[in-house]
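Chemist: Got a structure for you, questions after.
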Amino acid sequence: MSRWEHRHIIDLSTFSKDDYTTVLELANRFKALPNSGSRKLPALQGRLVTTLFFEPSTRTRSSFELAAKRLSADVQSFSPSTSSLSKGETAIDTALTYIAMGSDLLIIRHSSTNVPEQLANYLEENDEKVSILNAGDGIHSHPSQALLDLYTLTKYFNPINPLPDAIKGKNIVIVGDILHSRVARSNIWALTACEANVVLCGPSTLLPDEFEKFVDKPPPGQKLDPIHKRGQIIIKRSIKDAFSDADAIMTLRLQKERMRENLLTDLDQYHHDYGITHSNLKWCTKPVPILHPGPVNRGIEISSSVLEDNSISLINEQVKNGIPVRMALIYLLATQN
């Protein structure tokens, strides 16, 4: 396993090929642990992991907390409804309170972009040896979801050796609301880093043309792209065209809570044009796996029959794989403090 050099995980634009390999290898080790007997590892005994979810979550929060507990970490949770936020306390002051209680790792989800990064910068400036793991911020980034999606895909294509090369040259289609999706953004960084081609598909209101150049230059404040050769990003407006060369398909939830304008007027028409059904999967030239980060709007982005078709749906596998992947991320960050 390569040396881990990240104190924080904010987004995946800074990840090298070795970083992806390290996470996948470690996740695969955790995945292989027996389900019988004690599931706990003593790796993080005495470490304190805090989940600060300023935004509602079911899968991500539960997955992170279970992952931390399986590593024998102490876990404390934050609930906005019973906190001092209602009295005017800021997110940073809330985080600092938990750091003062002895937290080694803060796992943060926030509806505003860049809150985890701002806190990470503050901690660096004040020489606080605490790590930040971004569990989703605004429409910016959701690194752990993209990494579990990556692991799910590599495991599908190479069950024995699920490493980045397993998807090299594959065409991974992402369908739906790309504009408001932090999952899509993080997946684009991860998949292209492994030299997969990402085919984005959706209406122009939810998929602007500029996404084709999404990875052409590093984000502000980052000097270099650590990946020397990335896969292509291709935009297609028709799922018939997008599916013709697909090796895997990921559909996204419509992020209606983040839409500032009425970008869709007819959900039935959206389902007709971009919903995943058994009927339009016939446009694929071979059987392909279907992924969805959840939560699912049945009958909008995906039909119930596809969702429940275990011969092609990897959605339950994504949920299962979230635990070993998040165990890997927590272990990598918490053991360096």
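Chemist: Among rounded, prolate and oblate, which fits the range 273-337 when a ≥ b ≥ c are the square roots of the eigenvalues of its C-alpha gyration tensor, a/c under 1.5 means rounded, and a/b larger than b/c means prolate? Walk me through the numbers on the way to the answer.
Modeler: Details: a/c = 3.32, a/b = 2.56, b/c = 1.30.
Prolate shape, in that a/c is at least 1.5 and a/b is the bigger ratio.
Chemist: With the Cα gyration tensor of the range 144-317 giving a ≥ b ≥ c as the square roots of its eigenvalues, does the rule (a/c under 1.5 for rounded; else a/b larger than b/c for prolate; else oblate) give rounded, prolate or oblate? If you can, show how the numbers build up before the last one.
Modeler: Details: a/c = 1.67, a/b = 1.13, b/c = 1.48.
Because a/c hits 1.5 or more and a/b fails to exceed b/c, the range 144-317 counts as oblate.
Chemist: If the chain between T113 and L267 were fully stretched, how many nm would it gain, using 0.36 nm times the residue separation less the Cα-Cα distance?
Modeler: Numbers: separation 154, 0.36 × 154 = 55.44 nm, distance 2.72 nm.
Value of the extension gain: 52.7 nm.
Chemist: Amide H neighbours of V199 under 5 Å, at least 5 residues apart or on other chains, H built in the peptide plane: list them.
Modeler: I172, V173, I174, I234
Chemist: Where the Cα atoms of the range 110-222 are projected onto their three principal axes, how long is each span, largest first, in whole Å?
Modeler: The Cα atoms of the range 110-222 stretch 44, 40, 23 Å along the principal axes, largest first.
Chemist: Also: Cα to Cα, under 26 Å, and not fewer than 8 places away if on the same chain: which lysines meet these conditions relative to K320?
Modeler: Hits, sequence-local ones excluded: K17, K31, K40, K69, K155, K168, K170, K286.
Chemist: Now, a different point. For T205 and R59 in the same chain, what is the full-extension length gain: residue separation times 0.36 nm, less their Cα-Cα distance, in nm?
Modeler: Working: separation 146, 0.36 × 146 = 52.56 nm, distance 2.82 nm.
Once the chain is fully extended between T205 and R59, it gains 49.7 nm.
Chemist: With angles folded into 0 to 90 degrees, how steeply does helix 143-157 sit against the dominant principal axis of the chain? Use alpha carbons for both and round to 10.
Modeler: 50 degrees
Chemist: With θ set to phi - 60° and the Karplus curve 6.51 cos²θ - 1.76 cosθ + 1.60, what are the ³J(HN,Hα) couplings of the range 268-276 in order, to the nearest whole Hz, using x for Gly and Pro?
Modeler: 5, 5, 4, 4, 5, 7, 10, x, 8
Chemist: Counting only helical runs of four or more DSSP H residues, what would the 222 nm mean residue ellipticity of the chain come to if each run contributes -39,500 (n - 2.57) and the total is spread over all its residues?
Modeler: On the way: 10 runs with 112 residues, N = 337.
Calculated mean residue ellipticity at 222 nm is -10000 deg cm²/dmol.
Chemist: Using the alpha-carbon centroid of each, what span in Å lies between the range 304-328 and the range 126-198?
Modeler: 15 Å
Chemist: Round to the nearest 10 and give me the degree value, 0 to 90, for the angle of helix 182-193's Cα axis relative to the longest principal axis of the chain.
Modeler: Orientation of helix 182-193: about 80 degrees from the principal axis.
Chemist: Could I ask something else about it? Evaluate the charge dipole of the chain about its Cα centre and quote only its size in Debye, nearest 20, assuming +1 on the Cβ of each Lys and Arg and -1 on the Cβ of each Asp and Glu.
Modeler: On the way: 37 positive and 38 negative charges, 182 e Å.
For the chain, the charge dipole is close to 880 debye.
Chemist: Mind pulling the angle between the C-alpha long axis of helix 17-31 and the longest principal axis of the chain? Nearest 10 degrees, somewhere in 0 to 90.
Modeler: That works out to roughly 80 degrees.
Chemist: Now a separate question. How big is the antiparallel share of DSSP beta bridges in the chain, given as a percent to the nearest 5?
Modeler: Details: 1 of 35 bridges.
Of all bridge pairs located within the chain, approximately 5 percent are antiparallel.
No value in this document is a laboratory result; all are computed from the given coordinates. Here the structure is a predicted model, which means the values were calculated and not measured. Neighbour counts run over all protein chains shown; Cβ positions are idealised from the backbone, glycine included.
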